[in-house]
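Report on the following structure.
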Amino acid sequence: MERYYQKEIECAPLEELRSIQTEKLKKQVQHVWDNVPYYRKKMEEKGVKPEDIQSVDDLGKLPFLSKKDLRDAYPYGLLGKPLKDCVRIQSTSGTTGKRVVAFYTQHDIDLWEDCCARAITAAGGTDEDVCQVSYGYGLFTGGPGLNGGSHKVGCLTIPTSSGNTDRQIMFINDLSATILCCTPSYAAYLAERFKELGYGPNDISLKAGIFGAEAWSEEMRADIEKTLGIKAYDIYGLTELSGPGVAFECSAQGGMHINEDHFIAEIIDPDTEEVLPEGSQGELVFTAIDKEAFPMIRYRTRDICKLSREKCSCGRTLIKMAKPMGRSDDMLIIRGVNVFPSQIETVLLNNGYAANYQIVVDRVNNTDTLDVQVEMTPEMFTDNVGEVEEHQKKLSEGLKSMLGIKAKVSLLAPKSIARSEGKAVRVIDKRKI
């Protein structure tokens, strides 16, 4: 039986959702105009005033915000509330330039935790569950978000944070944890460790996992589900918008429902910025319609995906976003071809390799090189050079078929790629571009 945390919203008729969005959007635009001079200036430059926004259909009149705006306005330039009303910050890992610092009022945190509670409930969570939160805490949004959502559902919450894998396993076993929240790469690592310790899926108390913060393929999902004996659910979020819980997967596991009473989603052409019709693939843009302290309007996520309003078997009417197939900014362009790490991962997992790999891109004599370094599983590990070369050749052919370009494959001994307890480092780009 499908469970809901806030059924009246999650299953609301479309007209009702649109009405909620329109009212909140009008109020939010006025709030930003009055309190965020940085964005007001962008509106003035575009010749748009708050009274021009009368419904959700007017969203396209508003200017976009990008990561560059967040860096330019750092730290307080996009703040929508006086500091005395703000109770917390969260921050991104800051892979480029300055960190993004997002501010929260207590009201913002309450709404964020509601979103995470919806995700946990959709994964089957109730007040009888034991939820182990193995996302990082501190500035990273994963731990605090799912921790708060778990409390709201009434789960017994184990705030292990990331790392110390044997201690994680001890808590799962000793407290009979039923729900695990962490990055998919860490879930795969935990699954690997359980296997090493001699545990089969029936020996593990977990029944569900909520995994996000990085790209992962359906093959990786199947692998984790099989080894841990769980159902694995996807969750999506950005620090800029609050954190995990912007969208979440239901029992159908066919895309993530966006919490439309808090976030309006659009898909645009990343080059022309034109809004594309539903079902088109493009860049995901979000407007946070009730965030007080850090009100993001038309924020360009750089995630490439599709939206769909097809009826869902779970009963929710919230629009679904597909799993992002990559990013418009960290997508690799190799010899003129767009390459997403998720495509490479799919080939590896389809050929029986674990998701322990690194993609090394370089430029030699003005030509891009693509080297995919993959760990062999203990079962296939051999020092027979001919056998290894045969496996490498087969993988290389599979990658060429998927990507349309040739990739060099290097098979490595098990455990030779450094393990990650946070986001896995999948791509090393050595090109000076």
- Item | Potential extension, Tyr38-Ser176 segment - 0.36 nm per residue separation minus Cα distance | 44.7 nm
- Query: Based on the inverse mean of 1/r over its pairs of different Cα atoms, what is the Kirkwood hydrodynamic radius of segment 1-101, in Å?
  - Reply: 16.1 Å
- Query: Per the helix-only calculation at 222 nm, which mean residue ellipticity applies to the chain, given -39500 (n - 2.57) for every DSSP H run of n ≥ 4 and division by its residues, nearest 500 deg cm²/dmol?
  - Reply: -9500 deg cm²/dmol
- Note on the structure: Full extension between Lys226 and Asp329 adds, at 0.36 nm per residue less the Cα distance, a length in nm of 33.8 nm
- Task: Measure of size requested: the Rg and Dmax of segment 348-404, with Cα atoms as the atom set and Å as the unit; please supply both.
- Result: 12.6, 39
- Message: Using a 7 Å offset from the Cα along the Cα-to-Cβ direction at both Lys68 and Thr126, what is the distance between the two label points in nm, to one decimal?
- Response: 5.2 nm
- Take each of the peptides 147-154, 366-373, 245-252, 387-394, average the number of other beta-carbon atoms within 10 Å over its residues, and list them starting from the highest. 245-252, 147-154, 366-373, 387-394
- Message: Using a Gaussian network model on the chain with a 10 Å cutoff between Cα atoms, which of Pro341, Pro244, Pro37 fluctuates the most?
- Response: Pro37
- At q = 0.18 Å⁻¹, the log10 of I(q)/I(0) for segment 332-429 from a Debye sum over equal Cα scatterers comes to -0.83
- Query: Does anything in segment 161-179 have its amide N under 13 Å from the 7 Å Cα→Cβ label point of Leu197, and if so which residues?
  - Reply: 164-177
- Item | In Å, descending, principal axis extents of the Cα set of segment 130-286 | 53, 30, 24
- Message: As I understand it, the value is the acute angle between the Cα axis of helix 37-46 and the longest principal axis of the Cα atoms of the chain; what does it come to in degrees, rounded to 10?
- Response: 80 degrees
- Note on the structure: Taking Cα atoms only, helix 14-35 is inclined relative to the longest principal axis of the chain by an angle, in degrees rounded to 10, of 70 degrees
- Report, to the nearest 10°, how far helix 165-174 tilts away from the longest principal axis of the Cα atoms in the chain, using its own Cα long axis and a range of 0 to 90°. 80 degrees
- Note on the structure: Gyration tensor (Cα only) of segment 78-221 to equivalent ellipsoid, semi-axes in Å sorted down, yields 29, 18, 13
- Item | Karplus (6.51, -1.76, 1.60) ³J(HN,Hα), θ = phi - 60°, over segment 66-76, in Hz, Gly and Pro reported as x | 10, 4, 4, 4, 5, 6, 5, 8, 4, x, 10
- Item | Fewest-first sequence of Glu218, Glu421 by Cβ atoms within 10 Å of each Cβ | Glu218, Glu421
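We did not get these values from a lab; they are worked out from the coordinates using the rules stated. Everything quoted here is computed from the prediction, not taken from an experiment. Please note: Cβ atoms are built from the backbone with ideal geometry, for glycine as well, and neighbour counts cover all protein chains shown.
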